[in-house]
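For reference, the structure discussed in these notes is given below.
The values are calculated or read from the model by the stated rules, or taken from the named source; none is laboratory data. Please read all numbers here as calculations on a predicted model, not as lab measurements. No Cβ is skipped: glycine too gets one built from the backbone with ideal geometry, and neighbour counts run over all protein chains shown.
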Amino acid sequence: AVDALTKALDDSESRVRVAAAAALHHGSPPVGPPEACKKGLDILVKALSADDQWSVRYHAADALGLIGKRADLPKEAVDALTKALSADDQLSVRYHAADALGLIGKRADLPKEAVDALTK
């Protein structure tokens, strides 16, 4: 399922990307072989950082938060959430990035940049 959803997050049709991001957000965090999970995280980070649809970005933030609540996230994922909180032009994306960082912070120490972004 991870492979299908990660491929869907790269689809040219925005409705497909939104549905894939929502499925990752509302479903279980990616599980399976480590390389599939890493690819899933990479695609979520890319979606959060670069997708032109705000709804894809906020679902990606939520999915990263749910994953980070249960397992360590790579630095790139925390950095993408921090940047989204500080710089995304959509309030909804900033809100979901803050929520995700809050979930992650309950289980691990956040870098200073993330804490600073949360306290602005």
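The condition of being surrounded by fewer than 16 Cβ atoms within 10 Å (Cβ to Cβ), assigned to a helix (DSSP H, G or I) and among the polar types (S, T, N, Q) does not hold for Ser55.
In region 58-76, which residues are surrounded by fewer than 19 Cβ atoms within 10 Å (Cβ to Cβ) and either at pLDDT 90 or above or touching a strand residue (DSSP E or B) at 6+ places or on another chain (Cβ under 8 Å) (or both)? Selection gives Glu76 alone. Contact map, region 60-77: residues that are at positive phi paired with residues that are outside any helix (DSSP H, G or I), Cβ distance under 6 Å, separation 6+ or inter-chain. No pairs are found. Mind checking which residues of region 77-97 are buried (at least 20 other Cβ atoms within 10 Å of the Cβ) and more than 11 Å from the chain's Cα centre (by Cα)? Residues satisfying the conditions are Leu85, Asp88.
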